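As structure tokens, the structure follows; a few thoughts come after it.
Nothing in this text is a laboratory measurement; each read-out follows from the coordinates by a stated rule. Only a predicted model underlies this, so the values are computations on that prediction, with no experimental measurement involved. Cβ coordinates were reconstructed from backbone atoms using ideal geometry, including for glycine residues, and neighbour counts include every protein chain displayed.
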Amino acid sequence: MENYLENTDFHKIQEVLARSGKIIITTHTNPDGDAIGASLAMYRYLKKRDFEARVIIPDQYPEFLAWLPGSQEILIFEEDPVNCKAFIGESDLIICVDFNNLNRLNELGRYIRSSGTAKILIDHHLYPSDDFSLKISFSRISSTSELIYDFISESGYKHFLDKEIAECLYTGIATDTGSFSYACNYVKTYLITAELFKLGIDGEHIHRLIYDTYSESRLRLLGYAVSGGLTVLHEFHTAYIILTKEDLKRFNYKVGDTEGVVNYALSIKDINLAALFMERDDEVKVSFRSKGNFSVDRLAREHFGGGGHSNASGANCSMSVKDTVDSFLALLPEFREQLTHVYKD
Ligand code: 5GP
Ligand code: MN
């Protein structure tokens with residue numbers, strides 16, 4: 001791991017950049033802190049290098065990220081497809097961050113796939129697809145933001161890093177590691193974080209902006225999720241939360257309000273698998289989390305058409321909530337043994 005940056009293609013990205021003028025940066029649906037942090041860090045870096053850059057994302061980002069430098073300039077495909085398509089049509093390069101397959105971008109992904117524009121990937125999810133002409137993908141790294149730091153600093157532009165870029169990158173690293181509690185067992189993550197502090201960020205203030213800005217209804221939704229919404233199956237070391245459309249309406253759900261909720265189910269002693277089932281208009285959004293070597297990437301990929309990381313994954317299912325949960329429950333006996341003896345590799 002310590003030498004994972006050897007033989008990376010950072011210089012190849014620089015070569016592609018040298019041939020480009022108008023650049024789009026994009027990321028996945030339901031963007032989280034890493035998706036937006038990595039995108040905006042790349043955006044600011046490219047602007048400082050005088051590229052004409054734009055961040056275009058499939059759907060709205062959570063309000064708790066709206067303070068990030070550059071966030072107000074993000075274009076949202078769902079809200080303004082005409083302009084977004086025009087910008088994509090004019091671009092010479094699309095930089096894809098924090099996802100591994102254009103399917104993760106819904107309609108925007110289909111449009112990007114059909115456009116002839118070159119696409120490169122900078123990401124940390126397992127199994128990157130063949131949608132991209134150039135891929136930088138390390139699944140063991142904490143976050144895409146950490147990788148963006150490496151890209152900028154290792155390809156000769158460390159002096160371009162500034163406080164604003166550092167705020168974006170810190171947000172990505174902090175949120176993807178659950179405030180440095182998982183996916184962060186490598187020294188390098190902390191060395192990079194120290195560099196971000198040297199650039200003048202205020203970590204305590206950033207944490208307040210991200211985590212201490214709940215609306216009352218968001219906190220009450222969390223309260224419901226971990227009481228009435230929660231089922232614990234001790235014999236399978238599994239806990240899951242169901243939030244129906246009615247639940248979400250009752251608590252005045254806003255984008256981002258369920259971010260982190262699934263982790264509470266995993267925080268129970270001896271619970272090694274946690275799931276959140278969230279009913280949407282025409283699909284169910286599923287989040288999986290696990291401890292140790294039980295791979296929820298595999299679970300999501302093989303049984304729910306999703307994917308992600310070994311300990312954090314997700315999927316979108318077109319079945320009803322009941323059928324989605326039933327199919328999850330039907331799998332548990334098969335995993336009982338594995339779920340009883342998780343260990344860390
Ligand atoms: P979350 O549960 O926070 O939405 O997502 C957890 C992880 O799984 C993230 O890394 C996210 O990118 C990934 N993920 C979430 N939903 C999907 C999905 O539908 N397909 C795939 N391939 N990955 C997903
Ligand atoms: Mn990420």
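Counting only other residues whose beta carbon sits under 10 Å from that of LYS291, what net charge do I get with K and R as +1, D and E as -1? Residues near LYS291 contribute +1 overall. So which residue, out of LEU273, LEU17, LEU121, gets the largest mean-square fluctuation from a GNM of the chain using Cα contacts under 10 Å as springs? Taking springs between Cα atoms under 10 Å, the residue moving most is LEU17. Footprinting exposure proxy ranking of SER267, SER71, SER215, fewest other C-beta atoms within 10 angstrom first, gives SER267, SER215, SER71. Across the chain, Cα pairs under 8 Å and at least six residues apart give a relative contact order of 13 percent. What shape does region 217-340 have by the C-alpha gyration tensor, where a ≥ b ≥ c are the square roots of the eigenvalues, rounded means a/c under 1.5, and otherwise prolate means a/b greater than b/c and oblate the rest? In terms of gyration-tensor shape, prolate. DSSP assigns beta bridges within the chain; of those with both partners inside it, close to 40 percent run antiparallel.
In loop segments of region 289-345 as defined by DSSP, the trypsin sites (Lys or Arg not before Pro) with at most 15 further C-beta atoms inside 10 Å of their C-beta are LYS344.
Simple rule: put +1 on each Lys or Arg Cβ and -1 on each Asp or Glu Cβ in the chain, find the dipole, and look at PHE132, VAL286, LEU221; the Cα lying farthest toward the positive end is PHE132. Only Cα pairs within less than 10 Å get springs; with that Gaussian network setup on the chain, which residue of ILE268, ILE56, ILE112 has the largest fluctuation? Sorting by GNM fluctuation, first place goes to ILE268. Label sites at ALA18 and LYS47, each approximated as a point 7 angstrom past Cα along Cα to Cβ, lie 2.6 nm apart. Using the rule -39500 (n - 2.57) for each DSSP H run of four or more residues, divided by the residues of the chain, the 222 nm mean residue ellipticity is -12000 deg cm²/dmol.
Put a plus charge on the Cβ of each Lys and Arg, a minus charge on the Cβ of each Asp and Glu, and nothing anywhere else: the dipole of the chain about its Cα centre is then about 120 debye. Other residues within the sphere of radius under 11 Å centred on the Cβ of GLU52, judged by their own Cβ, net out at +1 (K and R +1, D and E -1). Which residue, GLY200, TRP67, PHE10, has the largest displacement toward the positive end of the dipole of region 4-210 when charges sit on each Cβ (Lys, Arg +1; Asp, Glu -1)? Of the options given, the answer is PHE10. With the cut-off at 1.5 for a/c, could you classify region 167-229 from its C-alpha gyration tensor as rounded, prolate or oblate? Taking the square roots of the gyration eigenvalues as a ≥ b ≥ c, region 167-229 is oblate.
Under the criterion of Cα pairs below 8 Å and six or more residues apart, the relative contact order for region 207-345 equals 20 percent. Counting neighbouring Cβ atoms within 10 Å and putting the fewest first, the residues SER20, SER137, SER142 line up as SER137, SER20, SER142.
Over region 1-98, Cα pairs under 8 Å with separation of 6+ residues give a relative contact order of 37 percent. Ranking TYR240, PHE328, LEU299 by how far each Cα lies toward the positive end of the dipole of region 217-340 (charges on Cβ) leaves TYR240 at the top.
Within the chain, the selection of entire DSSP H helices by a Cα span of 15 Å or greater along the long axis and an average Kyte-Doolittle value of at least 0.0 returns 163-176, 187-198, 321-340. Given axes a ≥ b ≥ c from the Cα gyration tensor, I'd like to know whether the chain is rounded (a/c under 1.5), prolate (a/b larger than b/c) or oblate. Since a/c reaches 1.5 and a/b is larger than b/c, the shape of the chain is classed as prolate.
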